[in-house]
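Values quoted throughout were computed directly from the atomic coordinates according to the rules given, and no laboratory measurement underlies them. Remember, predicted model here, so these are calculated numbers, not experimental data. As a convention, Cβ positions derive from the backbone with ideal geometry for all residues, glycine included, and neighbour counts pool all protein chains shown.
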Amino acid sequence: MAITTAYRTRSGAVPLRSFKTKGRHSAIAGVGVYAPEKLITNFDLEKMMDTSDQWITERTGIRTRHIAEPGTTTLELATKAARAALDAAGITANELDMILVGTSSPDGPFPSIACRIQDELDAPGAVAWDMLAACTSFMYGLATADSFIATERADNVLVIGAEVLSRMLDYSNRGTAVIFGDGAGAAVVKPAPDGAGFLSWCLGSDGRGYLQVTAGNKEFGAYAAKDPAPIIEMEGPDVFKFAVDIFIRQANEVCGTAGISMEDIDLWVPHQANFRIIDAAARRIGLPLEKVAINIDEYGNTSSASIPIALEGAIRKGRVKTGDHVLLAGFGSGLTWGASLLKWV
Amino acid sequence: MATPLDFKELQDLASEILGIEPDQVQLDKSFAKDLAADSLDLVELVAAVEDKYDVELSEEELEKMKVIGDLWKFLEQKTAERLEA
């Protein structure tokens, strides 16, 4: 049910930065995903910690999550998603100009996963690097791809979000361990006709909220504090409030910037952090849940992989047609956020 | 915005957010025990109240909200401050 009270921006709310796409347009030409086969259910978690299926389902909407076997690398997941995306886009790896990997769970400090994937795919020469914006990484990756294509510095860009977050969870603590899952999603971004593909963007960060979602030593960071096993921690209610707010504001911004009414959104693909966040924001935006891609019940929160995995599911189910207005929106630790309105090609 | 408060309005808003009947929203009803509202429901309700009544609740004020009456008293106080202003 839509909320009838008009939304009001809070005092002290961070100013948002929005852009209308300029130059050569770009669009998503193919999406691929991969998630580990092993599923952990809420009932499995009941045996591992003080929690219940009901508690988890009511508060998060999550019923299962895909969890990698110990020793699985983020590279493995990312490479499988990348190959699937190249197939879906109908291009070969040697046509790539750029490979961007968003991840908060790299296998090591360096070299980048992007360069390792480049070697796996045999695509030497393309610019390749990892980027860290937590759950917003994939959106920042898409925005970077769009910018390079707009300025004709690249034609084919592979953007990947990949996570093995289970390495950073404490399965004796019900707070955050129940929320996260492992997985990877990738998209090939290519030039598009004028007026199609990415139409507008809203991107930003607010470092004042850096303590709201953390992994490892909060004061210095896990590496500096020689914290060998950083664990994800979250200020639940603060994040909930921020998330609902930023979803609503971003939707307003990208629609306004593109000159499209929010009623004309055909599909919203939100970052899958918590069903309650998505539901609360959707009601405020005025979108019925039939217009929202939701898979958090199966996947949990896969951070940078959640948007491409949800988008791929929607494409596979025939929920995205040429000409549809698709809203992609994410937020994450940092705090960070990013959204785009696309006219699907 | 300095208009008298209408409890019926708050009942309608809370019922919309919490998915309950407006009649269930009474001053002595506890969010957690009587209305089965968890912490996230409360955050959402407070956000809606902030929008509707053009007020803002601090973290400390939010923590003090146990029954509907607490929220009502907060709104009465804010309205009184505005009428004086």
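For each of A:116, A:316, A:174, count neighbouring Cβ atoms within 10 Å of the residue's Cβ, then give the residues from fewest to most. Let's see the in-between values first.
Numbers: A:116 22, A:316 11, A:174 18.
Ordered from fewest to most neighbouring Cβ atoms within 10 Å, A:116, A:316, A:174 come out as A:316, A:174, A:116.
Can you sort A:292, A:31 by how many other beta carbons sit within 10 Å, fewest first?
Details: A:292 20, A:31 25.
The order, fewest Cβ neighbours first, is A:292, A:31.
Please turn the phi angles of the range B:18-26 into ³J(HN,Hα) values with the Karplus equation 6.51 cos²θ - 1.76 cosθ + 1.60 (θ = phi - 60°), one per residue in order, whole Hz, x for glycine and proline.
In residue order, the calculated couplings are 8, x, 10, 6, x, 5, 6, 7, 10 Hz.
How long are the three semi-axes of the equivalent ellipsoid for the range A:196-343, computed from the Cα gyration tensor as the root of 5 times each eigenvalue, in whole Å, largest first?
Values: eigenvalues 171, 53, 37 Å².
Sorted largest first and rounded, they come to 29, 16, 14 Å.
Divide, for the range B:7-84, the radius of gyration over alpha carbons by 2.2 N^0.38 Å, where N is the residue count. Working shown, then result.
Numbers: Rg = 11.7 Å, N = 78, 2.2 N^0.38 = 11.5 Å.
Against the empirical 2.2 N^0.38 Å value, I get 1.01 for the range B:7-84.
Over the Cα atoms of the range A:26-191, what radius of gyration and what Dmax do you get, in Å?
17.1, 54
Can you list the residues, at least 5 places off or on another chain, whose amide H is less than 5 Å from the amide H of residue A:127, using H built in the peptide plane?
Residues meeting the amide H criterion: A:98, A:99.
Go ahead and estimate [θ] at 222 nm for the protein assembly as shown from helices alone: -39,500 (n - 2.57) per DSSP H run with n ≥ 4, summed, over the residue count, rounded to 500.
Values: 14 runs with 157 residues, N = 430.
That calculation yields -11000 deg cm²/dmol at 222 nm.
What is the packing order of peptides A:154-164, A:11-21, A:238-248, taking the mean over residues of other C-beta atoms within 10 Å and listing the highest first? Mind showing how you got there, number by number?
On the way: A:154-164: 28.8, A:11-21: 13.8, A:238-248: 22.7.
Ranked by mean Cβ neighbours within 10 Å, highest first: A:154-164, A:238-248, A:11-21.
For residue A:335, enumerate residues with amide H under 5 Å from its amide H, sequence gap 5+ or separate chain, H modeled in the peptide plane.
A:206, A:207, A:208, A:209, A:210
Specify which residue in the list A:21, A:256, A:93 is farthest towards the positive end of the charge dipole of chain A, using unit charges on the beta carbon of Lys, Arg (+1) and Asp, Glu (-1), about the Cα centre.
A:256
Counting only other chains, and only Cβ atoms inside 10 Å, what mean value do you get across the residues of A:58-68? Working shown, then result.
Numbers: counts 4, 4, 1, 0, 0, 0, 0, 0, 0, 0, 0.
Shielding by partners across A:58-68 averages 1.
Along each principal axis of its Cα atoms, how long is the range A:1-99 end to end? Whole angstroms, biggest number first, please.
Extents along the principal axes: 52, 47, 27 Å.
Give me A:130, A:87 ranked fewest to most by other Cβ atoms within 10 Å of their Cβ, as a rough exposure proxy. Numbers along the way, then the final one.
Numbers: A:130 24, A:87 13.
Placing the least packed residue first, the sequence is A:87, A:130.
Hey, which lysines would be in cross-link range of residue A:47, C-alpha to C-alpha under 30 Å, not counting anything within fewer than 8 residues on its own chain?
The reachable lysines, counting only those whose Cα sits under 30 Å from residue A:47, are A:38, A:218, B:33.
Find, among the trypsin sites (Lys or Arg not before Pro) in the range B:1-46, those assigned to loop by DSSP (not H, G, I, E, B) with at most 10 other beta-carbon atoms within 10 angstrom. Intermediate results must be reported in sequence, preceding the final value.
Numbers: sites: B:8, B:29, B:33; in loops: B:29, B:33.
Passing both the DSSP loop test and the Cβ count: B:33.
Taking a threshold of 20 Å on the Cα-Cα distance, which of the pairs B:52/B:73; A:80/A:291; B:29/B:66; B:52/B:78 fall above it? Don't skip to the answer; put the middle values down first.
Working: B:52/B:73 16 Å; A:80/A:291 29 Å; B:29/B:66 9 Å; B:52/B:78 13 Å.
Over 20 Å Cα-Cα: A:80/A:291.
For B:42-51, what's the mean count of beta carbons from other chains sitting within 10 Å of each residue's beta carbon?
Working: counts 1, 8, 11, 0, 1, 12, 7, 1, 3, 8.
Mean shielding count: 5.
Counting only Cα, what are the radius of gyration and maximum Cα-Cα distance Dmax of the protein assembly as shown, in Å?
In order Rg, Dmax, the Cα atoms of the protein assembly as shown give 22.2, 73 Å.
Using Cα centres only, tell me the gap between the range A:205-259 and the range A:23-62 in whole Å.
Comparing the Cα centres of the range A:205-259 and the range A:23-62, I get a distance of 19 Å.
Hey, can you grab everything whose amide H is under 5 Å from the amide H of residue A:183? Only 5+ residues off in sequence or another chain; H modelled, so Pro and N-termini drop out.
A:163, A:165
Who wins for biggest fluctuation among B:40, B:62, B:18 in a Gaussian network model of chain B, springs between alpha carbons below 10 Å?
Residue with maximal mean-square fluctuation among B:40, B:62, B:18: B:40.
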